[in-house]
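Peer 1: Please read through the structure below; I'll follow up with questions.
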Amino acid sequence: MNRLSAQMQMYIAIGVIAVLTIAFVVLAILPKFQQASAVDTEIAAAQTELQTAQALLARRQSVKAQAAANEVELMQIANQVPDSPQLPSVIIELQDVANAAGVELPTISVGDISAAPVAEDGSSQAYDVVELTVGCTGQWADVIDFCRRVNNLDRGTRVTVMTFTYVPETEEVDAYIDVSGTIEVYVMAAASTEAPAAQ
């Protein structure tokens, strides 16, 4: 058998190197590309899951914040229109308001709980009314301040009727305004009908 020429040996060597290079690429590098592609797919899926989880977390935080705000609002409403009359606290508030306005509050009479007037559409209201009859005395500006403060109480109240009588000055007493009126206090319907004795 004739020896291969140097040129032929070079061609064979180049062919072997090419085959080995192709085999190396096929067996070693292409699987890495496939693994990298699989990892890219997993990363994309993980990012999608992360975005979904972040969106869910944001929604939960929003709902939680809204729930907290709703709870605060519910507590404010419950304080304005409680489930029971809580008249002692109302009377204390009225006395505090009278003191702040500079009027004397000698009498408070508590009436019975009555159903609120029927709504315009004919449905019954979800609250009841307790009427307080109050009498107070003081200077005109102080009396007006008292009425304003009563309407601004945290508790659901409303001045419905007020009668003002001017009492002229005497030797013993300066002139003053004598006020008698009715204040409605609101309470949830079907609340206890117990009322404290008149002050």
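Peer 1: Gaussian network model of the chain, Cα springs within a sub-10 Å range: biggest mean-square fluctuation belongs to which of L153, L20, L105?
Peer 2: Its mean-square fluctuation being the largest, the pick is L20.
Peer 1: Any idea what the alpha-carbon Rg over 2.2 N^0.38 Å comes to for the range 1-70?
Peer 2: 2.64
Peer 1: Can you show me the helix-derived [θ] at 222 nm for the chain, built from DSSP H runs with n ≥ 4 at -39,500 (n - 2.57) apiece and divided by the number of residues, rounded to the nearest 500.
Peer 2: -17000 deg cm²/dmol
Peer 1: Could you work out which residue, out of V39, V72, V185, moves most in a Gaussian network model of the chain, that is, has the largest mean-square fluctuation with Cα springs under 10 Å?
Peer 2: Of V39, V72, V185, the most mobile in the Gaussian network model is V39.
Peer 1: For the range 112-195, build the convex hull from the C-alpha positions and give me its volume per residue in Å³.
Peer 2: Cα-based convex hull of the range 112-195, divided per residue, equals 113 Å³.
Peer 1: Nearest 10 degrees is fine. How inclined is helix 30-80 to the longest principal axis of the chain, computing both from alpha carbons?
Peer 2: Approximately 0 degrees, to the nearest 10.
Peer 1: Angle between the Cα long axis of helix 140-151 and the longest principal axis of the chain, 0 to 90 degrees, nearest 10?
Peer 2: It works out to around 40 degrees.
Peer 1: Okay, next question. Using only the Cα atoms of the chain, what are the Rg and Dmax in Å?
Peer 2: Radius of gyration, then largest Cα-Cα span, for the chain: 42.9, 154 Å.
Peer 1: Mind grabbing the accessible area of E131 for me, 1.4 Å probe, Å², rounded to tens?
Peer 2: 90 Å²
Peer 1: Gaussian network model of the chain, Cα springs within a sub-10 Å range: biggest mean-square fluctuation belongs to which of V16, V173, V150?
Peer 2: Largest GNM mean-square fluctuation: V16.
Peer 1: Can you give the angle from 0 to 90° between the axis of helix 6-24 and the longest principal axis of the chain, with both taken from C-alpha atoms, to the nearest 10?
Peer 2: 20 degrees
The values are calculated or read from the model by the stated rules, or taken from the named source; none is laboratory data. Computed from a predicted structure; not experimentally measured. When the accessible area is computed, the model is the full protein with side chains, heavy atoms only, and any ligands, DNA or RNA have been set aside. Shrake-Rupley method; radii C 1.70, N 1.55, O 1.52, S 1.80 Å.
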